[in-house]
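Each remark here refers to the structure printed beneath this line.
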Amino acid sequence: MNHFEYIDDELHCEDVAVKDIAGQVGTPFYLYSKATLGRHFQVFDGSFSVPHITCFATKSCSNIAILNLFASLGGGADIVSGGELFRALKAGMDPKKIVYSGVGKGRDELKYGLESGILMFNVESEQELDALQEVAAGLGVKAPVSFRVNPDVDPKTHAYISTGLAKNKFGVPIAEALEVYKRAMAMANIEVVGVSCHIGSQLIDVSPFVESLAKVKNFIQRLQGAGCAITYLDLGGGLGITYDDEEPPAPLDYARALEEELGDLGCTLILEPGRVIVGNAGILVTKVLYTKQGGKKFTIVDAGMNDLARPSLYDAYHAILPVEERGQGRELGDVVGPICETGDFLARDKQVPVSKQDDLLAVMSAGAYGFTMSSNYNTRPRVAEVLVDGTKFHVIRQRETLEMMIAGEMIPEK
């Protein structure tokens, strides 16, 4: 469910007409519904009956206003960089609800996490463990550690967002993990508190989740037999959403399947939803600049692959709707942006709205990995972000200016 709907043939976000926001903010811009964000978070979090912490995957949508909303609902954060830790803390996240994942944490980032008192580090290699021991010793503290184990489970998703196979860069192979845990337990400044597992993103079937949990559960029982008590089981995220005709499981069905497999293991679950919370809570609004008929019909808009990378990067599908429905119908063609790349498209060989100059289009399901993956390619300012709350809207990120883009650059003195 989301709060984007047509009222008198005009697309609205909650109670605000999208074209009215465009008239004041300009295009392109990302637009989020606070009601949808809150509902999605509460439905997901409320689906679990066992002790758990819902740590939102910050990489999917990292604006501090949105993180603050989730913090107010009792949520935490799954972070993968020192920058995301900075954002989470600025947004008011409880450090004891922050877990730090990622294969390449620098020593300065490890120090920042320790000084901030986060819940735990999801360590992904023995060399990272050594670095964390050294940094923790230098601070005179113990580092709370969970190892990300790789269960070698096929998530049946796009290769770029598959993370749980043996050939992927993430985690410690589950067959080797017991010895790594034993080594960590012997370190003076390491406190082993958990086990972590994340197999991929945009999964639309619960069976890979259950298969990976079964393997991790067996591993935890082996750890317990070796005298290693586990407090937290981090199951990651990855639950998919509907972009087109996908039929992902409801959060309640996902939760029931996991809890049934979990049994009485006695661990507090850490859950890292991202896309399932924000994906359908945000859209990208763009304006038609030109149309032309070449070998095919092209609708040229003012948003490009630098603003929304998913179609170019993954050949991902995003529905495109007219902001004003005039009965104009749809036609086969491409919706493309201003970037000087053939790969710059928002839709390719799809049925798209018949459009004319200055029409507004809404690129749907753009709340996850939309703004966070955007760039300044072709020296294009990153767009504004806007949050609607009932009858009001708030600019939660101002549009970049040209001066802002070059603020850190300088010409050497001769």
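Values in this text are rule-based calculations from the coordinates and carry no lab data. Computed from a prediction, not measured in an experiment: that's the story for all the values here. Here the Cβ positions follow ideal geometry from the backbone for every residue, glycine too, while neighbour counts run over all protein chains shown.
Under 18 Å from a label point set 7 Å out along the Cα-to-Cβ vector of Glu259, the amide N atoms of segment 167-207 belong to 206-207.
Projecting label points 7 angstrom from Cα along Cα→Cβ for Leu289 and Gln357 puts them 1.3 nm apart. Toward the positive end of the charge dipole of the chain, with +1 on the Cβ of Lys and Arg and -1 on the Cβ of Asp and Glu, the farthest Cα among Ser374, Leu360, Ala255 is that of Ser374. Helical content alone sets the calculated 222 nm signal of the chain at -8000 deg cm²/dmol, taking -39,500 (n - 2.57) per DSSP H segment of four or more residues and averaging over every residue.
Its Cα centre serving as origin, segment 243-389 has a Cβ charge dipole (Lys and Arg +1, Asp and Glu -1) of approximately 940 debye.
In terms of distances greater than 26 angstrom between alpha carbons, the cross-link table entries Lys292/Lys350; Lys34/Lys350; Lys59/Lys105 yield Lys34/Lys350. Quick one: grab the alpha carbon gyration tensor of segment 7-111, order the square roots of its eigenvalues as a ≥ b ≥ c, and give me rounded if a/c is under 1.5, else prolate or oblate depending on whether a/b is larger than b/c. Here segment 7-111 falls in the oblate category. With a Förster radius of 41 Å applied to the beta-carbon distance between Gln221 and Ser116, the computed FRET efficiency rounds to 0.80. Exposure proxy shown here: for Met373, Met364, Met93, the number of other Cβ atoms within 10 Å sets the order, fewest to most, as Met373, Met364, Met93. Potential lengthening of the chain between Asp20 and Gln398 amounts to 134.4 nm, from the contour at 0.36 nm per residue minus the alpha-carbon distance. Summarised in one figure, the compactness ratio Rg/Rh of segment 5-63, Cα atoms and Kirkwood Rh, is 1.11. Charges were assigned to the Cβ only: +1 to each Lys and Arg, -1 to each Asp and Glu. The resulting dipole of the chain about its Cα centre is roughly 640 debye. Projecting the Cα atoms of Gln351, Ser116, Phe29 onto the charge dipole of the chain, computed from C-beta unit charges around the Cα centre, puts Ser116 farthest toward the positive end.
Each Lys and Arg adds +1 at its Cβ and each Asp and Glu adds -1 at its Cβ; summed about the Cα centre, segment 34-276 shows a dipole of about 600 debye. Remark: C-alpha extents of segment 183-274 on the principal axes read 51, 25, 17 Å, sorted largest to smallest. Shape descriptor for segment 244-387: Rg over Rh equals 1.09 (Cα atoms; Rh from the Kirkwood inverse mean 1/r). Based on Cα atoms of the chain, Rg over Rh with Rh as the Kirkwood radius reads 1.00. Let me know the shape class of segment 34-276, please: from the alpha-carbon gyration tensor, a ≥ b ≥ c as square roots of the eigenvalues, rounded when a/c is under 1.5, otherwise prolate if a/b is greater than b/c, or oblate. Cα axes put segment 34-276 in the oblate bin.
Exposure proxy ranking for Asp349, Asp307, based on other Cβ atoms within 10 angstrom of each Cβ and starting from the fewest, stands as Asp349, Asp307. Reported to the nearest whole Å, the Cα centre-to-centre distance from segment 230-269 to segment 283-358 is 35. If both residues of a DSSP beta bridge must be in the chain, then about 50% of such bridges are antiparallel.
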